Amino acid sequence: MQALKTRIFRAIIAIVLLLPMGAAAQNLQSSVNTYSPYSMYGMGELATQGNAIQRAMGGVGVAMYSTNMTNMLNPAAYGFTPRQSFLFNFGIEAGHYRNSQAKFGTSTSEVKTAYNSVNIHDIAFQMPLAKGLGLGFSLTPYSDVGYSMYNDDLSSGVAGNVGRVRYQYYGDGNVTDVKVGLGWAPFKKLSVGVSMIYYWGSISRSYNAMVSDVITGSGEYSSTVGTDTYDVSKIKAQFGVLYSPILNNERVLTIGATYDIGGALEPDMKKYVYVDNLLTSVVREQTEKSLPLRLPNQLAAGFFYQDPKVRFGVDYVYQDWGSQNTDYMESGGRGVHVSYTDTHTIKAGFEIIPRFSDVGNYLNRISYRVGVRYGDYYQTFGGSTVQQYAITAGLGLPIRLFGRSSVNIAFEYGHRNPAENTILVNDVKVGMVKQNYFKMSLGLTLFGEDKWFHRYKYE
């Protein structure tokens, strides 16, 4: 009992020490997170979950059985944490985005943009509490918002009355999930787990309508600026199970599943509208309300096979965004018609280690990983769906001979492709954004040996 109390106390100390790092991670993500027009609505762009090992393998991991890696995708994995050990993971991610879009009102001329980003991606640890009972903690991004765009209204009616009008749109912010979970393995081949997930963050979206040539003395405004701020604070639960029908020294086959309970997110929304006229600047509108946004129920299932040389797995993930949320129309019934839709995602990954015990050749001890991911974006725009896929690869570099700690590198090339090249917005043809991106992740996985838990006797 005393040993259990000691481990719980050390877990609390670890969480307390990691929370300031988590706050720093969120602040970093608020400044440079993602640069995608697809993050303009709802929760923004959903982040790829998992550590660098899993992201190099397409994001698989629901059924990943591993005693030397933190598994943030299934709390049941905590039940297989080795006795007298401590697993720690830290990861960062850098991205390069390239967007192309037909110019407003045309279908032939394109506008191309490119942006770079950098993030702290994940901080996690995993440790045993008792035989077959493990504790896990993780802090990872859930969604990111980052965009900046404009269009000019050159229609004759508007230009003749007030001059050229430019509409600017910009937003930034993120939502982070903080997860604390328990895994229990009542039998050698079976583990169940539960996690409490706290969603925390802030998203800001603004628009600015600027009139470049105001008619002097008209009393009309020269610009209008609107800002919507969403503050997120919500707790939900995740349940997981792992079962290994094959479990021996040579081969392991594991089947896993998780279920996330959705429900109302309802971020607190503050809305300000500032109107600049010829003489002064005033706050025309100031409101506070709750945004009716709901998190989806999520079901994930998969299998994972491994032997001393190869590992591979496949995951399927379903989210019911469509049944949880209503359609959205911007600008008081005008603008882009945004709908939520259920998503289906398939992930597959493969890893090979030529010969982990090869003392004379370090290259044979490196883990070589590849993977793919294909699915749907959780929103449609003007009735157009968006498909997205990614190809991944990576390396696992062991830190020392026969050690379980490693430096992991993951590469991801992704593409978002709308079903329609253009959509109609207020009877004007608007091009859909085609997006290519490249991400590189660097993760540090540390396996703490039993010395961390030893009680030393002094004479």
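The values are calculated or read from the model by the stated rules, or taken from the named source; none is laboratory data. Just so we're clear, the structure is a prediction, and the values are computed from it rather than from any experiment. Every residue, glycine as well, gets a Cβ built from its backbone with ideal geometry; the counts of neighbours run over all protein chains shown.
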Legend entry - Enumeration of residues in the range 183-194 that are within 16 Å of A63 (Cα to Cα) and either touching a Pro at 6+ places or on another chain (Cβ under 9 Å) or assigned to a strand (DSSP E or B) (or both): G183, W184, A185, K189, L190, S191, V192, G193, V194
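Out of all the residues in the range 80-101, is one or more touching a residue at least 24 places away in the same chain (Cβ under 8 Å), at negative phi and part of a helix (DSSP H, G or I)? Outline the logic, then answer.
Here is the first cut: in the range 80-101, the ones touching a residue at least 24 places away in the same chain (Cβ under 8 Å) are 80-101.
Of the ones still in play, those that are also at negative phi are 80-83, 85-101.
When the remaining residues are screened for being part of a helix (DSSP H, G or I), the result is 80.
Yes.
Does the range 382-420 hold any residues that are of a type outside the set (D, E), part of a loop (DSSP other than H, G, I, E, B) and within 21 Å of T343 (Cα to Cα), and which are they? Outline the logic, then answer.
Our first condition is that a residue be of a type outside the set (D, E); within the range 382-420, this holds for 382-411, 413-419.
Add one more test, that the residue is part of a loop (DSSP other than H, G, I, E, B), and what stays is 382-383, 385, 399-405, 419.
Listed by number, the residues that qualify are G382, G383, T385, A419.
In the range 346-403, which residues are among the aromatic types (F, W, Y) and free of Cβ contacts under 8 Å to residues at least 40 places away in the same chain? Working first, answer last.
Initial filter on the range 346-403 (among the aromatic types (F, W, Y)): 350, 356, 362, 368, 374, 377-378, 381, 389, 402.
Y362, Y368, Y374, Y389, listed by residue number.
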Legend entry - Matching residues, the range 165-208, being basic (K, R) and over 15 Å from K236 (Cβ atoms): R166, K188, K189, R205
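Restricting attention to the range 162-210, and to residues there that are of a type in the set (K, R) and touching an Asp or Glu at 6+ places or on another chain (Cβ under 9 Å), which single residue is farthest from E288 (Cα to Cα)? Show your work before the answer.
Applying the first criterion (of a type in the set (K, R)) to the range 162-210 yields 164, 166, 179, 188-189, 205.
Keeping just the survivors that are touching an Asp or Glu at 6+ places or on another chain (Cβ under 9 Å) gives 164, 166, 205.
Working: R164: 32, R166: 27, R205: 15 Å.
Taking the candidates together, the pick is R164.
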Inset, instruction - Might you let me know whether the range 370-389 holds any residue that is crowded, with 17+ Cβ neighbours inside 10 Å, modelled with pLDDT of 90 or more, touching a helix residue (DSSP H, G or I) at 6+ places or on another chain (Cβ under 9 Å) and under 21 Å from D307 (Cβ atoms)? - result: yes
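Does G146 satisfy being at pLDDT below 95, closer than 30 Å to L293 by Cβ and either outside any loop (DSSP other than H, G, I, E, B) or polar (S, T, N, Q) (or both)? Spell out how you get there, then give the answer.
On the way: at pLDDT below 95: yes; closer than 30 Å to L293 by Cβ: yes; either outside any loop (DSSP other than H, G, I, E, B) or polar (S, T, N, Q) (or both): yes.
Yes; evaluated as a whole, the condition is true for this residue.
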Inset, instruction - Quick one: which strands (runs of 3 or more DSSP E) lie wholly within the range 244-355 and hold at least 3 residues that are more than 19 Å from the chain's Cα centre (by Cα), modelled with pLDDT of 80 or more and within 30 Å of Q387 (Cα to Cα)? - result: 252-260, 298-306, 310-319, 337-340, 343-352
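Quick one: in the range 427-459, of everything that is polar (S, T, N, Q) and under 25 Å from T67 (Cβ atoms), which residue is modelled with the lowest pLDDT? Show your work before the answer.
Filtering the range 427-459 for residues polar (S, T, N, Q) gives 435-436, 441, 445.
Okay, now just the ones that are also under 25 Å from T67 (Cβ atoms), so 441, 445.
On the way: S441: 94, T445: 88.
Looking at the filtered set, the residue picked out is T445.
Does A25 satisfy being among the aliphatic types (A, V, I, L, M), within 17 Å of Y142 (Cβ to Cβ), at pLDDT below 75 and surrounded by fewer than 24 Cβ atoms within 10 Å (Cβ to Cβ)? Full working, then the answer.
On the way: among the aliphatic types (A, V, I, L, M): yes; within 17 Å of Y142 (Cβ to Cβ): yes; at pLDDT below 75: yes; surrounded by fewer than 24 Cβ atoms within 10 Å (Cβ to Cβ): yes.
So A25 passes the test.
Mind telling me which of the residues F137, F88 ends up being under 30 Å from G201 (Cα atoms), at pLDDT 90 or above and surrounded by fewer than 21 Cβ atoms within 10 Å (Cβ to Cβ)?
Values: F137 fails: surrounded by fewer than 21 Cβ atoms within 10 Å (Cβ to Cβ).
The match here is F88.
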Legend entry - Unmet requirement for Q238, which otherwise passes all of (1) exposed (fewer than 15 other Cβ atoms within 10 Å of the Cβ); (2) modelled with pLDDT of 90 or more: (1)
Inset, instruction - Could you tell me whether the range 397-407 includes any residue that is modelled with pLDDT of 90 or more, within 29 Å of N99 (Cβ to Cβ) and among the β-branched types (V, I, T)? - result: no
Inset, instruction - Would you check which residues across the range 356-369 are surrounded by fewer than 21 Cβ atoms within 10 Å (Cβ to Cβ) and within 30 Å of the chain's Cα centre (by Cα) and list them? - result: I366, S367, Y368
